[in-house]
Amino acid sequence: FTATDDGDPSTTTASAAASETPTPTPTSSNPPPARRGRGRPRKIGKHTEDPKPQSPERRQSRHSEQNGDFHAPNGESRHNNGVLGGGVKVVPAMDSVVKVFCVHTDPNFSLPWQRKRQYSSSSSGFIIGGRRVLTNAHSVEHHTQVKLKKRGSETKYLATVLAIGTECDIALLTVSDDEFWEGVVPVEFGNLPALQDAVTVVGYPIGGDTISVTSGVVSRIEILSYVHGSTELLGLQIDAAINSGNSGGPAFNDKGKCVGIAFQSLKHEDVENIGYKMENPDLRSSMGMDPNQKGVRIRRIEPTAPESQVLKPSDIILIPFRHGERIGFSYLVSQKYTGDKAVVKVLRNSKILEFNVKLDTHKRLIPAHIKGKPPSYYIVAGFYGKEYEFDAPVKLLDKHLHAMAQSADEQLIVVSQVLVADINIGYEEIVNTQVLAFNGKPVRNLKNLADMVENCSEKFLKFELDYDQIVVLKTETAKAATLDILETHCIPSAMSDDLKT
């Protein structure tokens with residue numbers, strides 16, 4: 001059994017930097033599906049970013065020369081192939097751009113008691129104030145070793161990961177060796193650029209070991225899907241080339257100040273919005289909206305969210321507009337952090353109401369990330385969980401995208417594979433099936449299930465599964481068989497460490 005987790009998908013884009021050092025943990029909302037990205041590996045095939053043993057589709061042309069994105073003061077931006085031009089002067093700042101080497105060891109969701117084979121990748125980063133280096137979160141995800149190399153040097157310095165902001169795809173690193181910091185000038189942050197402003201992307205993409213510079217102009221500013229973080233944040237689209245390995249590299253304006261971070265290629269993926277924009281005139285009229293009022297209609301509210309106590313479905317959240325431009329609602333959300341308070345104006349039954357809401361982190365029934373922790377698992381009589389990549393059941397994917405947790409500790413638990421033994425004859429074909437109840441009691445989460453099984457004094461263990469399936473095992477023989485199965489498959493424990501406390 002395992003609490004399902006899709007893992008996180010690949011990414012290489014750029015995110016724009018704020019005028020102050022960004023804090024890599026913003027509150028986010030409504031996640032789109034994500035693909036994991038790593039930066040450039042040591043050995044690369046055509047249009048691939050890392051040689052990690054996975055199915056071919058997983059790594060297809062992730063960071064080939066194509067449109068890309070970079071973070072803006074709260075987002076990202078995108079790039080086309082281009083030639084160096086525009087006369088952007090960034091020579092002094094380029095010496096602060098470093099190459100990031102990382103050895104990754106990902107969790108193995110198929111065999112959750114061990115990790116996958118390690119692999120290497122390289123990407124880009126840059127030095128900022130306070131003896132810190134900024135790069136992408138996906139560049140150092142599940143790291144076991146991180147090293148940095150400065151421009152024109154062959155020395156690689158061991159680095160420590162200080163913080164990882166999964167949602168905004170940003171990580172902070174540092175180096176303890178004083179020699180690394182000699183002769184470097186921290187990069188300064190600029191303001192959010194405007195349309196047609198010149199931008200230069202600097203980094204270490206594929207095709208060589210020296211620094212690469214490509215230039216373009218800002219062609220669009222909008223809310224984009226952050227693939228690694230499963231969030232939507234502000235991004236800048238530019239017509240400069242971003243290739244594999246550019247991840248984490250800075251984007252400079254014409255004054256040599258950083259206005260973005262390369263982090264992903266743009267993907268046209270649908271996401272579920274939290275509300276409908278109030279555009280239809282009949283819908284607006286039925287809700288009592290004035291012609292000048294703008295906003296979004298609340299479709300549903302998560303039961304675990306603080307605002308569920310005050311907001312209701314079909315409330316209209318009124319949103320201000322500026323200079324006649326449309327604003328993405330998720331951009332307003334991205335300006336807030338966990339624990340902040342926000343004044344929310346809503347239109348309800350033709351009346352404007354105002355609520356002061358304390359914000360909290362979005363609770364997903366199936367998390368998009370495990371935040372560097374090993375996956376949870378529980379084995380009884382050979383039943384356990386596995387990873388989903390391209391073979392995830394449609395029913396579970398639907399719950400990942402749309403289902404809402406009814407309580408803060410709720411998890412979706414599945415039987416996804418059976419280690420064949422005499423005790424589980426007839427159940428071998430059960431795969432990817434949700435566990436609903438145990439001995440007549442609903443299953444809240446994996447620890448709850450493990451506790452009920454371990455403390456069961458009844459004659460039989462009865463698991464009620466989705467699709468009206470049941471698994472019934474004699475309690476005494478099932479627990480004895482579990483020990484034999486663990487020994488046969490060299491599994492150190494029947495449960496992950498987090499379930500033992």
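Just a few scattered comments:
- For segment 187-242, the solvent-accessible area with a 1.4 angstrom probe is 34 square angstrom per residue.
- Cross-link reach list, lysines versus residue 351, counting only Cα pairs under 22 Å and skipping chain neighbours closer than eight places: 277, 294, 312
- A cut-off of 5 Å between modelled amide H atoms, ignoring neighbours fewer than 5 places along the same chain, links residue 226 with 231, 232, 233.
- Label zone at residue 451, where the point sits 7 Å out along the Cα-to-Cβ direction: segment 368-382 residues whose backbone N lies under 20 Å: 376-380
- Each residue was assigned an accessible area with a 1.4 Å probe, and for residue 495 the value is about 30 Å².
- Of all DSSP beta bridges confined to segment 188-318, the antiparallel ones make up roughly 95%.
- Dipole in debye (nearest 20) - segment 345-501, about Cα centre, beta carbon charges: Lys, Arg +1; Asp, Glu -1: 1000
- Rounded to the nearest whole Hz, the Karplus-based 3J(HN,Hα) values (6.51 cos²θ - 1.76 cosθ + 1.60, θ = phi - 60°) of segment 154-171 follow the sequence 9, 7, 9, 9, 5, 10, 10, 7, 7, 7, 10, x, 4, 4, 8, 6, 10, 10, with x at glycine and proline.
- Bridging of residue 441 to lysines at a Cα separation below 17 Å is possible for 459, 462, once same-chain residues fewer than 8 apart are set aside.
- Segment 409-485: GluC sites (Glu not before Pro) falling in loop per DSSP and having at most 12 other Cβ within 10 Å: 429, 458
- Lysines whose Cα lies under 19 Å from that of residue 255, excluding same-chain neighbours fewer than 8 positions away: 89
- Computed 3J(HN,Hα) for segment 233-239, one whole-Hz value per residue from the Karplus formula 6.51 cos²θ - 1.76 cosθ + 1.60 where θ = phi - 60°, is 9, 5, x, 10, 9, 9, 9, glycine and proline marked x.
- Over 18 Å between alpha carbons, listed pairs 116/500; 447/500; 373/479: 116/500; 373/479
- Residues whose amide H comes within less than 5 Å of that of residue 436, counting only those at least five positions distant or on another chain, are 464, 465, 466 (H built at 1.01 Å from N in the peptide plane).
The values are calculated or read from the model by the stated rules, or taken from the named source; none is laboratory data. The model shown is predicted, which means the values in this text are computed figures rather than measured ones. Cβ sites come from the backbone with ideal geometry, for glycine too, and all protein chains shown count toward neighbours. The area values use the complete protein model at the heavy-atom level, side chains included, leaving out ligands, DNA and RNA. Shrake-Rupley method; radii C 1.70, N 1.55, O 1.52, S 1.80 Å.
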